[in-house]
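Q: A single structure is presented below for examination.
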């Protein structure tokens with residue numbers, strides 16, 4: 001069993017992650033034809049649930065590693081997503097060391113965690129060695145998106161079994177008294193990003209962030225983030241449509257309002 005995302009991290013190469021908010025196997029298949037380093041099915045703010053995620057996973061070729069953002073820190077959906085074959089879980093609202101420990105309990109098999117054994121689809125996708133190799137290859141991303149998480153970031157990062165953190169800019173902005181948007185420029189947010197990157201390096205973790213443009217994604221890579229998610233399938237569709245309609249009508253496209261995902 002191998003995880004190309006982890007391999008890129010270990011080589012010091014950035015991961016450009018595609019984001020699937022549309023609940024469709026066809027859009028998942030179409031997005032997988034683009035040269036993303038990974039794809040993530042969003043079950044929190046995207047429109048997919050578990051039953052939609054399954055055919056989307058099947059539509060994504062094995063060469064493209066697939067992850068899921070689960071709706072919440074709830075063991076059942078974390079374990080089911082892993083059993084379905086996800087190579088990584090992005091977990092929202094991990095606000096403390098205790099939350100991070102609960103997350104890892106759901107991610108890892110005994111003796112480290114309490115994940116129940118039954119990788120129904122995962123063993124088909126990843127091979128008979130899955131049981132022995134899953135803990136080392138299924139990436140655990142704890143979302144840092146509140147002031148509380150920033151205040152307890154050392155305890156979160158120090159959690160044994162955690163691989164990475166993932167910044168949710170909109171919720172973090174809300175928590176810090178700023179308007180929720182992608183690609184923020186407010187000092188409070190950029191300083192928080194710097195803190196996350198510094199702490200990730202200190203604790204030997206990787207760090208990811210959601211972005212709304214290629215230019216901002218490049219800035220975040222240069223800042224030290226290891227993974228950047230670029231918009232979503234929905235936003236890419238709307239942007240392409242708006243740009244082409246603007247060209248057709250010989251007018252500037254509508255200004256991007258920085259709306260989330």
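Q: Run the simple label-point estimate for residue 132 and residue 112 please: 7 Å along Cα→C-beta, distance reported in nm.
A: According to this spin-label approximation, the distance is 1.7 nm.
Q: Grab the eigenvalues of the alpha-carbon gyration tensor for the stretch 28-101, scale each by 5, take roots, and send me the semi-axes largest first in whole angstrom.
A: Numbers: eigenvalues 104, 31, 23 Å².
Whole-Å semi-axes of the equivalent ellipsoid: 23, 12, 11.
Q: Is the shape of the stretch 112-252 rounded, prolate or oblate, going by the alpha carbon gyration tensor and its root eigenvalues a ≥ b ≥ c, with a/c under 1.5 for rounded and a/b larger than b/c for prolate? If you can, show how the numbers build up before the last one.
A: Values: a/c = 2.60, a/b = 1.36, b/c = 1.91.
Because a/c hits 1.5 or more and a/b fails to exceed b/c, the stretch 112-252 counts as oblate.
Q: Fewest to most neighbouring Cβ within 10 Å: what's the order for 219, 205, 69?
A: Numbers: 219 16, 205 22, 69 28.
Lowest to highest Cβ neighbour count: 219, 205, 69.
Q: Would you work out if the stretch 66-128 is rounded, prolate or oblate? Take a ≥ b ≥ c from the square roots of the eigenvalues of the alpha-carbon gyration tensor; rounded if a/c is under 1.5, else prolate when a/b is larger than b/c, oblate otherwise. Mind dumping the intermediate values first?
A: On the way: a/c = 2.50, a/b = 1.53, b/c = 1.63.
In terms of gyration-tensor shape, oblate.
Q: GNM on the chain, C-alpha springs below 10 Å: top fluctuator among 217, 98, 140?
A: Among 217, 98, 140, the largest GNM mean-square fluctuation belongs to 98.
Q: If each DSSP helix of 4+ residues adds -39,500 (n - 2.57) and the sum is divided by the residues in the chain, what number results at 222 nm, nearest 500 deg cm²/dmol?
A: Working: 13 runs with 117 residues, N = 261.
It lands at -12500 deg cm²/dmol.
Q: Turning to a different aspect of this structure: Which one, 85, 46, 118, has the greatest fluctuation when you compute a Gaussian network model over the chain with C-alpha springs under 10 angstrom?
A: Checking each option, the largest mean-square fluctuation is seen for 118.
Q: Give me 38, 102 sorted ascending by neighbouring Cβ count inside 10 Å, so fewest comes first.
A: Neighbour counts put them in this order, fewest first: 102, 38.
Q: Now a separate question. Tell me which label goes with the value of Cα extents along the principal axes in Å computed from the coordinates here: (i) 61, 44, 34; (ii) 52, 42, 37; (iii) 61, 41, 32.
A: So the calculated entry is the one marked (iii).
Q: Okay, moving on. Could you please rank 64, 190, placing first whichever residue has the fewest other Cβ atoms within 10 Å of its Cβ?
A: If I rank by nearby Cβ atoms, fewest first, I get 190, 64.
Q: Looking only at 103, 141, 193, which one moves most when the chain is put into a Gaussian network model with springs between Cα atoms under 10 Å?
A: Among 103, 141, 193, the largest mean-square fluctuation in the Gaussian network model of the chain belongs to 193.
Q: Contact order normalised by length for the chain, with contacts defined as Cα pairs under 8 Å and 6 or more residues apart; what percent is it?
A: 18 percent
Quick note: the coordinates plus some simple rules give every number you see, no bench work behind them. The structure presented is a predicted model; accordingly, all values stated were derived computationally and were not measured. Every residue, glycine as well, gets a Cβ built from its backbone with ideal geometry; the counts of neighbours run over all protein chains shown.
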